[in-house]
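Have a look at the structure below before the remarks.
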Amino acid sequence: MEHNLETESLYPILAMKESTKIYKIERLIEAVEATATDMKYLEIKRGKAIQQFISKGFNASDVVIEYSIPRYRADRKTSETILLRNE
């Protein structure tokens, strides 16, 4: 790979080629119970809820080219949604 994802953002890299440029993202957001791994890395106690995001990024041909399932501490995560109407 010619890109370092520790210092570069994924979406600008994908946007360099038309075939991998993200045109649409579908995101499911849900509250789930923290797993042992979540408790370790997110530094939370057993029984706490976290936010899980299931995201799919689509190119202009409606092909999924990015898929991720990030998990966040619910007490430290803020999300904003903007909806646009296509006419």
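The table below lists the values:
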| item | result |
| --- | --- |
| Within the chain, helix-based [θ] at 222 nm, where runs of 4 or more DSSP H residues each add -39,500 (n - 2.57), nearest 500 | -3000 deg cm²/dmol |
| Sites Lys24 and Glu80, calculated FRET efficiency, Cβ-Cβ separation with R0 25 Å, nearest 0.05 | 0.90 |
| Where only C-alpha atoms are counted, convex hull volume of the chain per residue in Å³ | 138 |
| Backbone HN-Hα couplings from phi across region 22-34 [Karplus 6.51/-1.76/1.60, Hz, Gly and Pro as x] | 7, 10, 8, 10, 9, 9, 9, 10, 9, 8, 9, 6, 5 |
| Relative contact order of the chain, pairs being alpha-carbon contacts under 8 Å that are 6 or more residues apart, as % | 25 |
| Whole-Hz couplings from phi, Karplus 6.51/-1.76/1.60, listed for region 76-82; x for Gly and Pro | 10, 10, 10, 10, 10, 10, 10 |
| Eligible lysines near Lys77 by straight Cα distance, threshold 20 Å, same-chain separation 8 or greater | Lys40, Lys45, Lys48, Lys56 |
| Protein-only accessible surface order, largest first, of Thr81, Thr20 at 1.4 Å | Thr81, Thr20 |
| Per-residue HN-Hα couplings for region 10-16 [Karplus 6.51, -1.76, 1.60; θ = phi - 60°; Hz; x = Gly/Pro] | 5, 5, x, 5, 4, 6, 5 |
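The values are calculated or read from the model by the stated rules, or taken from the named source; none is laboratory data. Just so you know, these numbers come straight off a predicted model, no measurement behind them. We place every Cβ from the backbone using ideal geometry, glycine too, and count neighbours over all the protein chains shown. Heavy atoms of the whole protein, side chains included, go into the accessibility calculation; ligands, DNA and RNA do not. Shrake-Rupley method; radii C 1.70, N 1.55, O 1.52, S 1.80 Å.
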